[in-house]
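Q: This structure is in structure tokens; I'll ask about it shortly.
No lab work stands behind these numbers, since they all come straight from the coordinates. All values reported here derive from a predicted model rather than from experimental measurement. Positions of Cβ are backbone-derived with ideal geometry, glycine not excepted, and every protein chain shown enters the neighbour counts.
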Amino acid sequence: MTGADLVVGGVLIPGASAPKLVSAAMIRKMQPGSVVVDVAIDQGGCFETSRATTHADPTYVVDGVTHYCVANMPGGVPRTSTFALNNATLPFTLALADKGWKRALTEDAHLRNGLNVASGQVTCRPVAEALHYKYVPPEAVMLGDGWAFDYVIVGGGTAGCVLANRLTADGRARVLMLEAGPRDNYPWIHIPIGYGKTMFHPVYNWGFYTEPEPGMNGRKIYWPRGRGLGGSSSINGLIYIRGQPDDYDAWARSRQPRLGLARRAAVFHPQRRQPARGECDARRRRTARVFGHRRRSTS
């Protein structure tokens, strides 16, 4: 940071205070006339020297470094930001109005993720931790209030997610999935090489060990198992492998005809769909924003 002319802090932990990533000592080492912009000021700011300012008086100086910490930056372009916000939130508003909040939250995980308090319980983990309240998962509150589900799936690992997807494919069934781990919003889950970050991560990996193996001089072997939505499929570098065709056909002959490869084609083929070029580009841009990289133009 000492040689930077401009530092922008854009840290966001949904529902929680922003961590202080830049200390006052680091600010003091910056060159006089440098500028820091704390976009995270709405969540408390990620610079130790940050304090909320307004559009009427947007900046102040600490140790020769100009701070811009306006708590409502989109207010600088109010008309544009209002249209953008309305475009993003209107579908959710219509769902709440048309279906009522209970049904809308039951059918839409995104709306359910935004639930902070229900039936006197704090249903947002970061808020509960920040305010020292007991956290209760939204799904548990929904069950306690008698919300109706057709199926309850215990475990949101690979099999649980596939089963939930199939059960809800036609839009007629309501499914509740209970999972001990967090959502799969950790950026490294969605990047193939990210398995190096998740393989020993205490939050996203149960980190099991086998019993002592007699054939390996009594050693215990590390046995990583995914903890969170997607289970071990979320920590295996985005790799999946199908069995050999002969295996499926052998199962069909010996046990169950429906296990044959010909019958499984209807299951396997949708998984082979590759994202279109626009989807790939959009994913790369999102990844670049998350990690602060700027993608070089290919044009």
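Q: Under 18 Å Cα-Cα from K20, which lysines qualify once same-chain neighbours fewer than 8 residues away are excluded?
A: Excluding near neighbours in sequence, the set is K29.
Q: Taking the mean number of other Cβ atoms within 10 Å as a proxy for protection, how do you rank 20-26, 151-157, 47-53 from highest to lowest?
A: Values: 20-26: 14.4, 151-157: 16.3, 47-53: 18.3.
Averaged packing, sorted descending, gives the order 47-53, 151-157, 20-26.
Q: In addition: What shape does the stretch 6-76 take by its C-alpha gyration tensor, where a ≥ b ≥ c are the square roots of the eigenvalues and a/c under 1.5 counts as rounded, a/b above b/c as prolate, and the rest as oblate?
A: Values: a/c = 2.21, a/b = 1.21, b/c = 1.82.
Oblate, because a/c is 1.5 or more while a/b does not exceed b/c.
Q: In addition: For the stretch 167-242 and the stretch 17-59, what is the centre-to-centre distance using only Cα atoms, to the nearest Å?
A: After rounding, the separation between the Cα centres reads 37 Å.
Q: Which chymotrypsin sites (Phe, Trp or Tyr not before Pro) from the stretch 67-145 combine a DSSP loop assignment with at most 16 other Cβ atoms within 10 Å?
A: Details: sites: Y68, F83, F92, W101, Y133, Y135; in loops: Y133.
Answer by residue number: Y133.
Q: I've got another one for you. Using a Cα-Cα cut-off of under 27 Å, which lysines could be cross-linked to K102, ignoring same-chain neighbours fewer than 8 residues away?
A: Straight-distance partners of K102: K134.
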